[in-house]
Amino acid sequence: MEKFPITADGAVQMQEELRNLKAVQRPSIIKAIAAAREHGDLSENAEYHAAREQQSFVEGRILELEDKTSRMDIIDVASLTGDQIKFGASVTVADEETDEESTFQIVGEYEADPAAGKISVTSPIARALISKSVGESAEVNTPRGQKDYEIIKVSYK
């Protein structure tokens, strides 16, 4: 059973989703199935089939989250310090061609959300930045070709 790194915030979100699935959604689906059964013939009962499909999805997600929560290696980012980039770091980089700045946090693969500025530790940019420090450059191989970034700021919050 292989553990995976996750920030404390990511762990809380995962545990909250699991709690919601078990305490709110599962009982709601059970009620929907019971109500649909009362309508008679199950072979042509669309409400029943939809509720059973939703139940299957929720039960699968519960199993997945229970597995993940049992294998989490929670990293308290607030206790980390230094100028070197490692898991949990919030990093500001500048594209060396356009001088466009970007800021993101390096997080676990299950909590990555690029739209929210959280990139997976296994992503190409994170792998290129790990172990680098402020002022250094990192070469990142992207689908659009190689990009060079200068590291402007590293923080742990």
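The values are calculated or read from the model by the stated rules, or taken from the named source; none is laboratory data. On a predicted model such as this, the values are computed, not experimentally measured, just so you know. A quick note on method: Cβ atoms are made from the backbone with ideal geometry, for glycine too, and the neighbour counts reach across all protein chains shown.
Would you confirm whether any residue within the range 38-54 is loosely packed, with under 12 Cβ neighbours inside 10 Å, under 21 Å from residue 19 (Cβ atoms) and of a type in the set (Ser, Thr, Tyr)?
No, every residue in the range 38-54 fails to be loosely packed, with under 12 Cβ neighbours inside 10 Å, under 21 Å from residue 19 (Cβ atoms) and of a type in the set (Ser, Thr, Tyr).
Any chance the range 91-103 includes a residue that's surrounded by 17 or more Cβ atoms within 10 Å (Cβ to Cβ), touching a residue at least 40 places away in the same chain (Cβ under 8 Å), in the same structural domain as residue 133 (by TED's automatic domain parsing) and touching a Leu at 6+ places or on another chain (Cβ under 9 Å)?
There is at least one residue in the range 91-103 that is surrounded by 17 or more Cβ atoms within 10 Å (Cβ to Cβ), touching a residue at least 40 places away in the same chain (Cβ under 8 Å), in the same structural domain as residue 133 (by TED's automatic domain parsing) and touching a Leu at 6+ places or on another chain (Cβ under 9 Å).
Answer with yes or no whether residue 67 is modelled with pLDDT of 90 or more, under 22 Å from the mean Cα position of the chain (by Cα), closer than 22 Å to residue 155 by Cα and not assigned by TED's automatic domain parsing to the domain that holds residue 148.
No: the conditions fail for residue 67.
I'd like the residue in the range 117-133 that is under 16 Å from the mean Cα position of the chain (by Cα) and outside any helix (DSSP H, G or I) and, out of all such residues, is farthest from residue 152 (Cα to Cα).
In this case the residue turns out to be 122.
Restricting attention to the range 134-150, which residues are touching a residue at least 12 places away in the same chain (Cβ under 8 Å), assigned to a strand (DSSP E or B) and out of contact with any helix residue (DSSP H, G or I) (no Cβ under 7 Å at 6 or more places or on another chain)?
137, 147, 148, 149, 150
Does the range 42-61 contain at least one residue that is closer than 27 Å to residue 157 by Cβ and within 20 Å of the chain's Cα centre (by Cα)? So that I can check it myself, show each step before the final result.
Taking the range 42-61 as the starting set, the residues that turn out to be closer than 27 Å to residue 157 by Cβ are none.
No; the residues of the range 42-61 include none that is closer than 27 Å to residue 157 by Cβ and within 20 Å of the chain's Cα centre (by Cα).
Residues being part of a strand (DSSP E or B) and surrounded by 18 or more Cβ atoms within 10 Å (Cβ to Cβ): count how many of those fall in the range 104-116. If you could, list the steps in order and put the result at the bottom.
At the first step, the residues of the range 104-116 found to be part of a strand (DSSP E or B) are 104-107, 113.
Applying the additional criterion that residues be surrounded by 18 or more Cβ atoms within 10 Å (Cβ to Cβ) yields 104-107.
Within the range 104-116, residues that are part of a strand (DSSP E or B) and surrounded by 18 or more Cβ atoms within 10 Å (Cβ to Cβ) number 4.
Working only within the range 56-90, note down all residues that are aromatic (Phe, Trp, Tyr) and surrounded by fewer than 18 Cβ atoms within 10 Å (Cβ to Cβ).
Passing the criteria: only 57.
Does at least one position in the range 67-87 carry a residue that is of a type in the set (A, V, I, L, M), over 30 Å from residue 137 (Cα atoms) and out of contact with any helix residue (DSSP H, G or I) (no Cβ under 6 Å at 6 or more places or on another chain)?
no
Quick check: anything in the range 140-152 exposed (fewer than 14 other Cβ atoms within 10 Å of the Cβ) and aliphatic (A, V, I, L, M)?
no
Those residues that are over 23 Å from the mean Cα position of the chain (by Cα) and under 16 Å from residue 135 (Cβ atoms), I need them from the range 85-100; list them, please. Steps first, answer last, please.
First pass over the range 85-100, keeping only residues over 23 Å from the mean Cα position of the chain (by Cα): 94-100.
94, 95, 96, 99, listed by residue number.
Any chance you could count how many residues in the range 10-29 are surrounded by fewer than 17 Cβ atoms within 10 Å (Cβ to Cβ) and more than 16 Å from residue 61 (Cα to Cα)?
1
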